[in-house]
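K.L.:
Can you read through this structure? Questions will come right after.
The values are calculated or read from the model by the stated rules, or taken from the named source; none is laboratory data. Worth saying up front: this structure is predicted, and the values here are computed from it rather than measured. Note: ideal-geometry Cβ built from the backbone for every residue, glycine included; neighbour counts use all protein chains shown.
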Amino acid sequence: MSITQERTNSIIGQRMLRREDPALLTGEAKFTNDLVIPGALHLAVLRSPYAHARIKSIDVTDALTMPGVIAIYTGKDLHATWAAPMPCAWPVTPDMKNPAHFPLALDKVCYVGDGVAAVLANSETESRDALDAIDVAYEPLQAVTDLEVALSDKTIIHEAIGTNKSYTWNLKVEATEGAVDEAFKNAAFTVSERYIQQRLIPMAMEPRAVVAVPQPFGGDITLYSATQVPHILKVMTAITLGIPEHQLRVVAPAVGGGFGSKLDVYAEELLCVALSRKHGAPVRWVEERTENTQSTIHGRGQIQNIELAADKDGKLTAVRVRLIGDMGAYLQLVTPGVPLLGAFLYAGVYDLPVAYDFSCTSVFTTMTPTDAYRGAGRPEATYAIEVAMDALARKMKIDPYELRKRNYIKKEQFPYTAFSGLTYDSGDHLAAAEKAMGHADYAAVRKKQATQNVAGARKRLGIGMTSYFEMCGLAPSRVLASLNYGAGGWESATVRVLPTSKVQVVTGTSPHGQGHETSWAMIAAEKLGVAPEDIDVLHSDTAIAPLGLDTYGSRSLAVGGVAIAGACDKVIDKARLIAAHQLECAAEDLEFAQGTFSVKGSHDKAVPLAAIAFAAFTAHNLPDGVEPNLEAQYTHDPKNFSWPFGAHICIVEIDTETGKVDVLKYIAVDDCGIQINPLIVEGQVHGGVVQGLAQALYEEAVYDTDGNLKTTNLAEYLVPAACDVPPITTDFTVTPSPTNQLGVKGVGEAGTIGAASTVMNAVIDALSGLGVTKLDMPASPNNVWKAIQAAQGGK
Amino acid sequence: MIPAAFEYKRAGSAEEAINLIGQYGDEAKFLAGGHSLIPLMKLRLAQPTMLVDIGRVKDLSYIKDAGDHIAIGALTRHMDVEKSPVLSQHVPLLAHAAGYVGDAQVRHRGTIGGSIAHADPAGDIPATTLALGATYVVQGPNGKREIAAKDFYKGFLESALAADEMLVEIKVPKMNGAGWSFQKFNRRAVDWAIVGVAAWRNNGASGVALVNMGSTPVLASAVSSALAKGASVADAAAHAADDAEPQADLNASVEYRTHLAKVLVRRALEQASK
């Protein structure tokens, strides 16, 4: 028995090394494509080279004679296989248009990468070679890559719905009717800004991979997939294929990153299952990097128009937002909901009166479908309000930090009921900002800037900031209902103390790099007084962890971690009854600390959890009415979103001759409440900041006007590497969440939410003296140089 | 990322390699470090049916002081060029530029000869050896011949090498204490240059070559002529793109690339003049 008896230090808050890492770093971890499955057939998917075209004919005659080819299927061949089109779980409005979308196109392709035919062969190479021998005749149609042109319906992509518009979703809240218009009429200052959220490619290090394995008898099937959402995938695969759900088991082996791109139900998952059933053989598929850029969802893709009204002191009086969302060619799992996840955040962290007017119209284009990408809606919203705040400060000729200070929701106003009706449970924006300002030495930077940014200076200095809310921890099920989301937001945990007092924690979350095994063991260790190394965390297999809603939206800790704490409480409650029985005292006379029940005031009368676990197992002497074994399941449905917040600052220097932006310093002060493992928190902040900074400076999925994606590999799509990003100073404030017992909030998306606007505010700050006050992302050297040229030419 | 099917033969010597490539003709390719060819094959942009692996031809990896020049075996890895004391002393521009090729893994696999024979205008080594006035020694079925770097690059990924010829040695004149500079402008450290400049200056003489400013590496002769006539660095740099025909790509418009060439040539000459 290795239950730690004398443990004084709390486990929560320790910088424990991740238990996942040895296997990952030595290559021992098994990803989906590492699974050895004898007799598997290999799937390869022929993809459309056209953005928009009618399929006139598909000739597979030659391809069928290629070595190793078993079968080739077109969309028409498989049409009867599907019980339903591919799922979209978020019909955001009753009249939302959702064109039927099948794993292989039927008579039309709607983006470059749309699946046209499926080859099954004996080897991966043979399946790939056969693709080149399939002859498809296309009738090319006009590509639609511009959102505003798409809205004009000049070229309709899906004839069956008769329009390119999917939906318009409004959130207008006014204290009195006309309040927003009135505020703009009476405003001392207004700004009206237009921002482009460029398309981003999530680019998880592990591409997608799938293996479907039929079991020998009875029709059961196991689906292995590089997915973030094994539970959701199981339900959706059952519905789409008409398979009884109980005959389907989904396993997510080691998964190498997702960032939202593996929060989906994809054509290849459905194809592998369907074809493995048809052929009675395992079917596997692994994505090539180029396929990954074309056929895995993209993120962002919005045109944002934001207007702010402010009084003479700069106090915000109204916010008006008009969005156009780029859905891409089809609606994937939560595509239409992504812009709306930001809908409540366009007033940022500011004390706005009830005068808010948000409207989002989303359109189909002939590009890869979009869906949730790290932050999903919230980086976009934060970007718009935070960059617009800087524009307002410039207009008022006041310091942007001063403007923010005049508008922050104050610490004493929390819990704060926002214009939207949402309750921001806790926060202290000024404290976070002051801490960040201290790290930046703000006054000194401003002073240096005044001497450096003179006319003709080759290098100009800029400093920018962002204050943000992360609204995450998806989500209270009732709130999701009000948003018409197709599922709840709860999470499940089972905690099982084994006879030898080792512990199994079963979670419905599905990690793909976050370190859940480490953190969840720490939570259970803290609660149960068991050493973390005596705790095993089971996850990502629907046969082992049947209940769950998986990992996305910074929900795993704030919902799933809290569920584990709740399950531990139930275990302790049951153990207390057994302890009281053994010690012949009343349960309420017992206290539980460091893994041991003892009688209050007489500590020599004590029994460790280990002894109770064994007693519960033998069941020789349990109190009446108590079931054998020590195990409890708990489902947590959060009362509120979690509201992490923070302040980020970036200092840049720009070479005005070349347009190159050098990030000198990046400071992230985040508040995610109580930290289970600060090492993991810092890692999340680092990764998140780099992804936001990448949007600001590097990344863009570029399409030409014919709808061809031009960034189809890692030489063209510029994911920054470790040597391309600046040192990041991380610091924290700790404002515990009042809505869960651990006091925790999410942190997975915080860095991404805060970073893009922080970097761009710094860039514009550096250049505003040259007359540059607008710059689209990414602030590439070419774009920055062009903006300087335009501004200087205009003078 | 699976290449089309191909056959593979390993050559033990230059002669054997040339003999093999002669047998298989146009569809055969030499494989050295593989860091240019293999990516193209994985994208199926190159589909050679025969690869002749010269990676184990040991006697083509050397850096020798040959009096007025340094002789470098074509299979010398970038990392060995970068770390060579002989080159650091006599041709520091080349040693320095080699340190900018790809990342450390690429530099340990990729070879100087492979980079030159691939004739990628975006490569750092072709332009650098061009600026230095290098001579390339190539070997064919009938023996060896020499091609001046300025006569070698014929078009995008096209060189004066015949199909049955193999680059075996690079002869680089010693710099004799010339001032020099290598400017590589890119967005990420491991990327190809958006524009690069290799330049040296010694009294009236100079050599300036541009990376990624056209379909071949470009010798900026107009810059050297201007300098020879006594032009200032700034005035000479204004001629940076005179000999170039830059293309637009995702990172740079033609206009921006032309501007960058002028800025970088000026900076290079400023540094080389110190």
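K.L.:
Specify which of the listed residues (A:604, A:569, A:573, A:534) is modelled with pLDDT under 95 and farther than 25 Å from residue A:471 by Cα.
P.N.:
A:604
K.L.:
Answer with yes or no whether residue A:414 is surrounded by fewer than 24 Cβ atoms within 10 Å (Cβ to Cβ), in contact with a Pro (Cβ under 8 Å, 6 or more places away or on another chain) and more than 30 Å from residue A:292 (Cα to Cα).
P.N.:
Working: surrounded by fewer than 24 Cβ atoms within 10 Å (Cβ to Cβ): yes; in contact with a Pro (Cβ under 8 Å, 6 or more places away or on another chain): no; more than 30 Å from residue A:292 (Cα to Cα): yes.
In short, no.
K.L.:
Condition first: in contact with a Leu (Cβ under 7 Å, 6 or more places away or on another chain), under 23 Å from residue A:227 (Cβ atoms), in contact (Cβ under 8 Å) with a residue 12 or more places away in the chain and surrounded by 13 or more Cβ atoms within 10 Å (Cβ to Cβ). Can you find one or more residues in segment A:102-109 that meet it?
P.N.:
Looking for residues that are in contact with a Leu (Cβ under 7 Å, 6 or more places away or on another chain), under 23 Å from residue A:227 (Cβ atoms), in contact (Cβ under 8 Å) with a residue 12 or more places away in the chain and surrounded by 13 or more Cβ atoms within 10 Å (Cβ to Cβ), one finds at least one in segment A:102-109, hence yes.
K.L.:
If you scan segment B:193-219, which residues turn out to be outside any strand (DSSP E or B) and buried (at least 21 other Cβ atoms within 10 Å of the Cβ)?
P.N.:
B:193, B:194, B:212, B:213, B:216, B:217
K.L.:
Do you know which residues across segment A:94-121 are of a type outside the set (Gly, Ala, Ser) and within 14 Å of chain B (Cβ to nearest Cβ)?
P.N.:
A:119 - this is the single residue of segment A:94-121 that is of a type outside the set (Gly, Ala, Ser) and within 14 Å of chain B (Cβ to nearest Cβ).
K.L.:
Among the listed residues A:114, A:59, which satisfies the condition of being in contact (Cβ under 8 Å) with a residue 24 or more places away in the chain, of a type outside the set (Lys, Arg), surrounded by fewer than 22 Cβ atoms within 10 Å (Cβ to Cβ) and not assigned by TED's automatic domain parsing to the domain that holds residue A:672? Can you show your working first?
P.N.:
Values: A:114 fails: surrounded by fewer than 22 Cβ atoms within 10 Å (Cβ to Cβ).
After ruling out the rest, the residue left standing is A:59.
K.L.:
Related question: Any idea which residue in segment A:718-764 is nearest to residue A:777 (Cα to Cα), counting only those that are within 14 Å of chain B (Cβ to nearest Cβ), in a loop (DSSP other than H, G, I, E, B) and over 21 Å from the mean Cα position of the chain (by Cα)?
P.N.:
Per the stated criteria, the residue is A:725.
K.L.:
Pick out the one residue from A:644, A:608, A:623, A:628 that is farther than 30 Å from residue A:768 by Cβ and under 21 Å from the mean Cα position of the chain (by Cα).
P.N.:
Exactly one residue qualifies, and that residue is A:644.
One line per residue, one yes/no per condition, for (1) closer than 28 Å to residue A:556 by Cα; (2) crowded, with 17+ Cβ neighbours inside 10 Å; (3) without any contact (Cβ under 8 Å) to a residue 40 or more places away in the chain:
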site	(1), (2), (3)
A:401	no, yes, no
A:424	yes, yes, no
A:428	yes, yes, no
A:442	no, yes, no
A:445	no, yes, no
A:450	no, no, yes
A:460	no, yes, no
A:464	no, yes, no
A:469	yes, yes, no
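K.L.:
For residue A:62, which of the numbered conditions (1) of a type in the set (Asp, Glu); (2) within 29 Å of the chain's Cα centre (by Cα); (3) farther than 26 Å from residue A:503 by Cβ fails to hold?
P.N.:
Residue A:62 satisfies all of (1) of a type in the set (Asp, Glu); (2) within 29 Å of the chain's Cα centre (by Cα); (3) farther than 26 Å from residue A:503 by Cβ except (2).
K.L.:
Moving to a separate point now. For segment A:447-470, how many residues are among the polar types (S, T, N, Q) and either within 23 Å of residue A:350 (Cβ to Cβ) or not assigned by TED's automatic domain parsing to the domain that holds residue A:745 (or both)?
P.N.:
Final tally of qualifying residues: 2.
K.L.:
Tell me which residues, restricted to segment B:30-55, are buried (at least 20 other Cβ atoms within 10 Å of the Cβ) and outside any helix (DSSP H, G or I).
P.N.:
B:30, B:31, B:32, B:33, B:35, B:36, B:48, B:51, B:52, B:54
K.L.:
Can you spot a residue in segment A:591-598 that is touching a Pro at 6+ places or on another chain (Cβ under 6 Å), among the polar types (S, T, N, Q), more than 14 Å from chain B (Cβ to nearest Cβ) and within 18 Å of residue A:528 (Cβ to Cβ)?
P.N.:
yes
K.L.:
Out of curiosity, is residue B:242 in a loop (DSSP other than H, G, I, E, B) and either under 27 Å from residue B:103 (Cβ atoms) or not basic (Lys, Arg) (or both)? It would help to see each step written out before you state the result.
P.N.:
Working: in a loop (DSSP other than H, G, I, E, B): yes; either under 27 Å from residue B:103 (Cβ atoms) or not basic (Lys, Arg) (or both): yes.
Criteria met by residue B:242.
Yes/no per residue for (1) aliphatic (A, V, I, L, M); (2) farther than 20 Å from residue B:157 by Cα; (3) assigned by TED's automatic domain parsing to the domain that holds residue B:202:
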| site | (1), (2), (3) |
| --- | --- |
| B:87 | yes, yes, no |
| B:90 | no, yes, no |
| B:113 | no, no, no |
| B:116 | yes, no, no |
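K.L.:
Can you list the strands (runs of 3 or more DSSP E) found entirely within segment A:262-330 that contain at least 3 residues being under 27 Å from residue A:111 (Cα atoms) and more than 14 Å from chain B (Cβ to nearest Cβ)?
P.N.:
Of the strands (runs of 3 or more DSSP E) lying wholly inside segment A:262-330, those with at least 3 residues that are under 27 Å from residue A:111 (Cα atoms) and more than 14 Å from chain B (Cβ to nearest Cβ) span A:299-310, A:316-328.
K.L.:
Please specify each residue of segment A:62-88 satisfying the condition of being surrounded by fewer than 19 Cβ atoms within 10 Å (Cβ to Cβ) and of a type in the set (Gly, Ala, Ser).
P.N.:
Scanning segment A:62-88 gives A:68, A:71, A:80, A:83, A:84.
K.L.:
Can you tell me which of B:174, B:184 is in contact with a helix residue (DSSP H, G or I) (Cβ under 8 Å, 6 or more places away or on another chain) and within 14 Å of another protein chain (Cβ to nearest Cβ)?
P.N.:
B:184
K.L.:
Give me the residue from segment B:221-255 that is within 20 Å of the chain's Cα centre (by Cα) and within 14 Å of chain A (Cβ to nearest Cβ) and, out of that set, surrounded by the fewest Cβ atoms within 10 Å (Cβ to Cβ).
P.N.:
Once the filter is applied, the top-ranked residue is B:247.
K.L.:
Looking at residue A:745, is it over 30 Å from residue A:329 (Cβ atoms) and among the basic types (Lys, Arg)? Break it down into steps so the answer makes sense when it comes.
P.N.:
Working: over 30 Å from residue A:329 (Cβ atoms): yes; among the basic types (Lys, Arg): yes.
Yes, satisfied.
K.L.:
Looking at segment A:255-278, can you tell me whether even one residue there is crowded, with 24+ Cβ neighbours inside 10 Å, of a type in the set (Lys, Arg) and touching a residue at least 24 places away in the same chain (Cβ under 8 Å)?
P.N.:
Scanning segment A:255-278, I find at least one residue that is crowded, with 24+ Cβ neighbours inside 10 Å, of a type in the set (Lys, Arg) and touching a residue at least 24 places away in the same chain (Cβ under 8 Å), so the answer is yes.
K.L.:
What is the residue count in segment A:122-160 for residues that are among the small types (Gly, Ala, Ser), out of contact with any Leu (no Cβ under 7 Å at 6 or more places or on another chain) and within 28 Å of residue B:2 (Cβ to Cβ)? Steps first, answer last, please.
P.N.:
First, the residues of segment A:122-160 that are among the small types (Gly, Ala, Ser): A:123, A:127, A:130, A:133, A:137, A:143, A:150, A:152, A:160.
Subset that is out of contact with any Leu (no Cβ under 7 Å at 6 or more places or on another chain): A:123, A:130, A:133, A:137, A:143, A:150, A:152, A:160.
Remaining after also requiring within 28 Å of residue B:2 (Cβ to Cβ): A:123, A:130, A:133, A:137.
Total meeting the criteria: 4.
K.L.:
While we're on this one: What are the pairs with Cβ atoms under 9 angstrom where one residue, in segment B:1-29, is within 14 Å of another protein chain (Cβ to nearest Cβ) and the other, located anywhere, is surrounded by 15 or more Cβ atoms within 10 Å (Cβ to Cβ) and acidic (Asp, Glu)? Sequence gap at least six, or different chains.
P.N.:
Correct list of pairs: B:1/A:288; B:2/A:124; B:2/A:129; B:2/A:288; B:4/A:129; B:5/A:129.
K.L.:
What residue, of A:669, A:690, is buried (at least 21 other Cβ atoms within 10 Å of the Cβ), within 25 Å of residue A:370 (Cα to Cα) and more than 10 Å from chain B (Cβ to nearest Cβ)?
P.N.:
One residue alone meets the criteria, A:690.
K.L.:
Please tell me if residue B:78 is touching a helix residue (DSSP H, G or I) at 6+ places or on another chain (Cβ under 7 Å), loosely packed, with under 15 Cβ neighbours inside 10 Å and away from chain A (no Cβ under 14 Å). Break it down stepwise before answering.
P.N.:
Details: touching a helix residue (DSSP H, G or I) at 6+ places or on another chain (Cβ under 7 Å): yes; loosely packed, with under 15 Cβ neighbours inside 10 Å: no; away from chain A (no Cβ under 14 Å): yes.
So residue B:78 does not fit the description; no.
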